[in-house]
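To keep things clear, I will list the structure first and then write my remarks on it.
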Amino acid sequence: MFGNYHNVIGAGWSVYWRVPRFNGSGLEIWWADFQGHRVMWRGSAPFALVPYHHPDTHGEPPGPADVPPGRFCYKDGIDVHCGGAPFRALKHTAPNSGEPWHNPAFDAVDDIEVVKVDLTPADDFNPDRLTISAKFQCGWYQYVHSWEFDSYGAIHPRVAMGGQLNPNCPSQIRPAHGSGECAAASPKMEGETSRPTRLNCRSWGAATNSRRATSG
């Protein structure tokens, strides 16, 4: 059911994830504890900004009259603006194509179908990892939110983009600037001089929608 909190454990972490609504929300991370200590209260990637620049925006997206032509910008995700689209929860198995845009067969029935949890053992190059990811349709785009928690105590948030090019202007690639929000707990606990935890939360950079790209 959408809105529930789900606990997962791995790589020294205990983490809760949540997708509040089918339409108009995204993947939220809550109460991330590393080795029994609270590191992050909450994290999310609630929206993306998709600017349309010169020389010609082909009338997209619509914007207020006082904004110069070619400088309009969609706000996708939650609290959409300027013709932006909400995040719509997809089954995690939905294809990276334009088909889920108009085909409700790929819509998630509940939050369990949206989210994929992976526990990856350490190898020659990486520590153990707990990864939580979720897929959302947004207009003709797709956004994949991912949070990786490793056994060194680091958190790696990422966003990927897929779906299809703008059908009204497929020759132009649009960057999408994701926004990340984190509420971090103090990494230093009483009686300790240091902690290994690194919280790599920051605003994500641009991901083009020409093909799937990640940033983080």
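Quick one: which residues, 5 or more positions from residue 25 or on another chain, have an amide H under 5 Å from its amide H? H modelled 1.01 Å from N in the peptide plane, none for Pro or chain starts.
87
Could you order the peptides 90-99, 28-37, 152-161 from most to least packed, using the average number of other C-beta atoms within 10 Å per residue?
On the way: 90-99: 15.8, 28-37: 18.2, 152-161: 20.5.
Highest-to-lowest ranking by the protection proxy: 152-161, 28-37, 90-99.
Mind listing the phi-derived Karplus ³J(HN,Hα) values for region 22-32, rounded to whole Hz, using 6.51, -1.76 and 1.60 with θ = phi - 60°, and x for any glycine or proline?
After applying 6.51 cos²θ - 1.76 cosθ + 1.60, I find 5, 10, x, 9, x, 7, 10, 10, 10, 6, 8 Hz.
Quick note: the coordinates plus some simple rules give every number you see, no bench work behind them. This one's a predicted model, so the numbers in the text were calculated from it and none came from an experiment. Backbone-built Cβ (ideal geometry, glycine too); neighbour counts: all protein chains shown.
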